[in-house]
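Colleague: Before I ask anything, here is the structure I am working with.
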Amino acid sequence: MNYKIALIRGDGIGPEVVNEAVGVLEAVGEKFGHSYEFVDVLLGGCATDAVGKSYPDGTAEKCRACDAVLLGAVGGPKWGSDRPAEQRPETALLAIRRDLGLYANLRPAALRPAMADACPLKKETAEKGIDLMMVRELTGGIYFGKRDRYDTPDRGVECTDLMAYSEQEIERIGRRAFELARLRRKKVSSVDKANVLETSRLWRAVMHRLAAEYPDVQYEDVLVDNCAMQLVRDPGQFDVVVTENMFGDILSDEASMVTGSIGLLPSASIGDSAPGLYEPIHGSAPDIAGQDRANPIATILSAAMMFRYSFQRPEEAAAIENAVDAVLAGGWRTPDIAEPGVTPIGTREMGRRIREHI
Ligand code: NAD
């Protein structure tokens, strides 16, 4: 196959980690007989420096002409909140997700076998294994609802943020979760606050309707407060966890912490039509940019997700994941995950070792 991939290298460590992921993609191409056309797309602080805005005209069109998008990270203190919105990297990130219609955010939280010691939970909990997929609704709910701020005569300033969901929005994210569960261990945990919120009661009703359509998938409702607790008590019980935007924002960060390091975790944002956007969960880490210290694994595993979810090529995805596990099992560590006494290796060497294992 020939794949056309948009590369948003971004700011800080973004270009360094994307470079290593591209090297791994090329190694996979050689092994499995694929070729690529890489299209560089300027977005983020580097775009502000080059053309005066973080989301240059035509960015979405360029991405839409590709099969998938790989993003490093954007942002940094140079383009802070004192800048007008069109120069801020975060504006570009929200815009690209919106313009590509990416309503489902997939964040796997898996404890890689060689990293069990990095898990902050009890040893016996970590030993049971953690391998869950958080599916977060990304374009609705309270983050996108109407906001208001007004003066009151007797209570000072009052503010409101509206949380709204339609059946259609809930159904499409729910379907994603059930379809994903069929490719995994066939269990969906739907997280809501149906004992309090009307949006959650609708969420639950739609999920129950879907559950009846997928009788081969085990289904459960979990209240959000209980889910937060279960994620640290016994995360091994979860397979696919599906939830609305704000709950997902909070729970996915909690879930990623139980796996040890921010430098290891990939993510995917997908919609109904190509291209999906694949990126590490970490930011641009300006404190270590340009020092060959960044861990490229999260970006390399994002390329594995690209093969699995955009290209429907699970074998290539597994080849990348197995290569990462082999290098970690060999004891190789970048500084962020190096145990005391271990001499760490750099970004480039980590990339090279993973390529060698493909
Ligand atoms: P960050 O994830 O960039 O860094 C947090 C800490 O983790 C830092 O100490 C950093 O050195 C370390 N770290 C992160 N990734 C690493 C890696 N691959 N290898 C080794 N260490 C790593 O978060 P932050 O400091 O809060 O944000 C920095 C900038 O990144 C901000 O401008 C923020 O807005 C932006 N950001 C962008 C994205 C994105 O592009 N999707 C996501 C989060 C933050």
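The values are calculated or read from the model by the stated rules, or taken from the named source; none is laboratory data. Because the structure is predicted, anything quoted here is derived from the model rather than measured. Glycine also receives a Cβ, built like all others from the backbone with ideal geometry; neighbour counts cover every protein chain displayed. The accessibility values were calculated without ligands, DNA or RNA, using every heavy atom of the protein model including side chains. Shrake-Rupley method; radii C 1.70, N 1.55, O 1.52, S 1.80 Å.
Colleague: Being over 29 Å from Leu7 (Cβ atoms) and assigned to a strand (DSSP E or B) narrows it down to one of Val157, Val135, so name that one.
Modeller: Val157
Colleague: I want to confirm something. Restricting to region 271-297 and keeping residues that are more than 19 Å from Pro89 (Cα to Cα) and near the ligand (Cβ under 6 Å from one of its atoms), which single residue is surrounded by the fewest Cβ atoms within 10 Å (Cβ to Cβ)?
Modeller: Applying the filter and picking the extreme gives Asn295.
Colleague: Test Glu171 against the stated conditions and say whether it is within 16 Å of Gly140 (Cα to Cα), at pLDDT 95 or above, open to solvent by 50 Å² or more (accessible area, probe 1.4 Å) and not in a loop (DSSP other than H, G, I, E, B).
Modeller: Values: within 16 Å of Gly140 (Cα to Cα): yes; at pLDDT 95 or above: yes; open to solvent by 50 Å² or more (accessible area, probe 1.4 Å): yes; not in a loop (DSSP other than H, G, I, E, B): yes.
So Glu171 fits the description; yes.
Colleague: Still on this structure, I have one more. Of all residues in region 319-344 being part of a helix (DSSP H, G or I) and touching a Phe, Trp or Tyr at 6+ places or on another chain (Cβ under 9 Å), which is nearest to the ligand (Cβ to nearest atom)?
Modeller: It comes out as Ile320.
Colleague: Under 8 Å between Cβ atoms, at least 6 apart or on separate chains: pull out the pairs that start in region 1-16 with a residue that is touching a residue at least 24 places away in the same chain (Cβ under 8 Å) and outside any loop (DSSP other than H, G, I, E, B) and end on any residue that is within 14 Å of the ligand (Cβ to nearest atom) and hydroxyl-bearing (Ser, Thr, Tyr).
Modeller: From region 1-16, the pairs are Gly10/Ser284; Gly14/Ser284; Glu16/Thr347.
Colleague: Go through region 319-345 residue by residue and tally those that are open to solvent by 30 Å² or more (accessible area, probe 1.4 Å) and closer than 14 Å to Val28 by Cβ.
Modeller: Going through region 319-345 one residue at a time, the tally reaches 2.
Colleague: Hey, any hits in region 182-194 for a residue that's surrounded by fewer than 16 Cβ atoms within 10 Å (Cβ to Cβ) and of a type in the set (Gly, Ala, Ser)?
Modeller: no
Colleague: Looking only at region 235-259, filter to residues that are in contact (Cβ under 8 Å) with a residue 60 or more places away in the chain and open to solvent by 30 Å² or more (accessible area, probe 1.4 Å); which one of those is nearest to Glu124 (Cα to Cα)?
Modeller: Residue satisfying both the conditions and the ranking: Gly236.
Colleague: Only one of these is surrounded by 14 or more Cβ atoms within 10 Å (Cβ to Cβ) and either among the β-branched types (Val, Ile, Thr) or in contact with a helix residue (DSSP H, G or I) (Cβ under 9 Å, 6 or more places away or on another chain) (or both): Lys53, Lys62. Name it. Working first, answer last.
Modeller: Details: Lys62 fails: either among the β-branched types (Val, Ile, Thr) or in contact with a helix residue (DSSP H, G or I) (Cβ under 9 Å, 6 or more places away or on another chain) (or both).
It is Lys53.
Colleague: Just name the residue that is farthest from the chain's Cα centre (by Cα) out of those in region 259-303 that are part of a loop (DSSP other than H, G, I, E, B) and of a type in the set (S, T, N, Q).
Modeller: Here the answer is Gln291.
Colleague: Counting only residues that are of a type outside the set (Gly, Ala, Ser) and in contact with a Cys (Cβ under 8 Å, 6 or more places away or on another chain), how many does region 172-212 have?
Modeller: 1
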